[in-house]
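These notes concern the structure reproduced below.
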Amino acid sequence: MVVNIRKLPDRYYIMPGNAACPGCPETMGLRYIKMALGDNVVLVIPAGCSSVIQGIAPRSGINFPILNIVFAAAASAASGLKAAFEAQGKDVHVVVWAGDGGTGDIGFQALSGAAERDEDIIYICVDNEAYMNTGIQRSSLTPYGAWTTTTWTGKKEHKKNIPYILISHGVKYVATASVGYPTDFIEKLQRAAKIRGFRYIHLLAPCPIGWRFDPGLTAKVAQLAVQTGLFPLYEYINGVFRLSPIAKKYKDPKKRKPVIEYLKLQGRYKHLLNKPDEVKKIEEYIENLWHLIDALEKTFTAEGGKGEAIYRSL
Amino acid sequence: MEERATKVLLEEPQTLFLAPLSRPALGSVGKTGTWRTMRPVVILDKCTGCKICWLYCPENTIFMRDDGKVRIDYEYCKGCGVCANVCPFDAIEMVPEG
Ligand SMILES: Cc1ncc(C[n+]2csc(CCOP(=O)(O)OP(=O)(O)O)c2C)c(N)n1
Ligand code: SF4
Ligand code: SF4
Ligand code: SF4
Ligand SMILES: [Mg+2]
């Protein structure tokens, strides 16, 4: 399945004149959801930038039916919505669109619960690596070394690996994606849409405001995260793990771009650019991450090429 | 009591809409074109109509013209410059406003 840009629907999925900052990755990501899934989608949005992007009532800047909900309830509200649609005989994609704070910290128990119950919903974490809406505070998904207003000498802990935790839940579908590669994200959404049960997509969403880069570079920064090996793109479907075709080559450390190219574009890493020890810690993190990917690849294989067949059939 | 609740859910969905609903509309916070400090200008001779800029534009303010090239809606374009950075043919130039 290859996405043809010319055949994607060309409609207002994000309404021009919304409240997002220039270069916002969340509005980029929202457009791709409907390009992939069509109009039959209801969004559940816990507090975060995407609540604010909608703008001022009675107008909304996001062209989806939306249930705005408290942090702790996003995944459970989505479970209930899906059950209600089923009771009415309606086949609707219920999609949670939650930030990294809403996913990894405040909404985590509801997410874990819905995953364990294998609720028939798609949960997307739009990961801009901090609590942006309230002014750039650290979350458990903020990476090592990054400046935020609550880690102003750089965060001392590494990023929590949520997609890996979701794989450990044994759900039907887990994928990582980046707004730098929209067609890959759209493809993953379309594959997820064909599966019943709990589906999780982790979307990297570089934020020019919180990461301190030129708003014209959102796509480029999102691509560099993948090209430096810092954010591997993969899918896990029904127990089979696969690196995404566009990101496969970064398995080889020699093919990766130096991580400094990614760090130097972002003001949030300014304080560690001339500290080789700190940069080394990030390089070690990348190494470890790929050891884990290697282990996942070896663990979740299907005999006799069945794995590829699963991907092709969807 | 329970029966009534189910009835309301299944047969009278309209009774659920007690709170005011927002509807999708242009300009939910006004004419965001006024936020711009830089203006993206399409160099039509270079534009191939590949739609890459359209795919990445965070604002949905890039449109296809009848001749297959693109045009920009300056009423709402926020001037982020994403389009100029992703265009593989350097067909979008950012020029200072005003
Ligand atoms: C229980 C609760 N705690 C705190 C808040 C305040 N709050 C609103 S949005 C937000 C940040 C959300 O961050 P994230 O989920 O990463 O989304 P982003 O804004 O980055 O898109 C916070 C802390 C709240 N609304 N509810
Ligand atoms: S702070 Fe970042 S994620 Fe939030 S609206 Fe602005 S650009 Fe988008
Ligand atoms: S990306 Fe460049 S060449 Fe392609 S349609 Fe846009 S302006 Fe034209
Ligand atoms: S400058 Fe930004 S908002 Fe304006 S058309 Fe280009 S990508 Fe869209
Ligand atoms: Mg966030």
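Throughout, read-outs are computed from the coordinates displayed, never taken from laboratory work. These numbers were taken from a predicted model, which means no experiment stands behind them. Cβ atoms come from the backbone with ideal geometry, glycine included; neighbour counts cover every protein chain shown.
Here the label points at B:VAL41 and A:ALA87, each 7 Å from Cα along the C-beta direction, are separated by 6.0 nm in the simple model.
Projection of the Cα convex hull of the stretch B:24-96, averaged over all directions and equal to a quarter of that hull's surface, yields 4.9 nm².
Per residue, the Cα convex hull of the stretch A:265-314 amounts to 114 Å³. Taking 0.36 nm per residue of separation and subtracting the current Cα-Cα distance, fully stretching the chain between A:GLU116 and A:LYS248 would add 44.6 nm. Peptide B:42-51 has a mean of 1 when you count, residue by residue, the C-beta atoms of other protein chains within 10 Å of its C-beta.
Modelled spin labels at A:PHE300 and A:SER313, positioned 7 Å past Cα toward Cβ, are 1.7 nm from each other. Measuring against 22 Å, Cα to Cα, the residue pairs A:LYS82/A:LYS194; A:LYS156/A:LYS248; A:LYS7/B:LYS51; A:LYS194/A:LYS220; A:LYS220/A:LYS254; A:LYS255/A:LYS280 contain A:LYS156/A:LYS248; A:LYS194/A:LYS220 as the ones spanning a longer distance. Among A:VAL240, A:VAL44, a tally of other beta-carbon atoms within 10 Å of each Cβ gives an order, fewest to most, of A:VAL240, A:VAL44. Computed as a quarter of the hull surface, the mean projected area of the alpha carbon convex hull for chain A stands at 15.8 nm².
The packing ranking, built from the mean of other Cβ atoms within 10 Å per residue, places the peptides A:149-157, A:265-273, A:169-177 in the order A:169-177, A:265-273, A:149-157, highest first.
Annotation for A:GLU287 and A:TYR12: the two label points, set 7 Å from Cα along the Cα-Cβ direction, are 5.3 nm apart. The order of B:SER28, A:SER60, going from fewest to most other C-beta atoms within 10 Å of their C-beta, is A:SER60, B:SER28. Across peptide A:211-221, the average count of Cβ atoms from other chains found within 10 Å of a residue's Cβ is 4. Dividing the helix sum by the residues of chain A, where each DSSP H run of 4 or more adds -39500 (n - 2.57), gives a mean residue ellipticity at 222 nm of -10500 deg cm²/dmol.
Dipole size of the protein assembly as shown about its Cα centre, with +1 on Lys/Arg Cβ and -1 on Asp/Glu Cβ: approximately 760 debye, rounded to the nearest 20. Taking other Cβ atoms within 10 Å as a rough exposure proxy, A:MET28, A:MET15, B:MET64 sort from fewest to most as B:MET64, A:MET15, A:MET28.
The aspartates and glutamates whose alpha-carbon is closer than 20 Å to the alpha-carbon of B:LYS69, local same-chain residues fewer than 8 away aside, are A:ASP10, B:ASP45, B:GLU59, B:ASP90, B:GLU93.
For the stretch A:150-161, the Karplus equation 6.51 cos²θ - 1.76 cosθ + 1.60, evaluated at θ = phi - 60°, returns couplings of 10, 9, 7, 10, x, 5, 9, 10, 7, 5, 6, 8 Hz by residue, with Gly and Pro reported as x.
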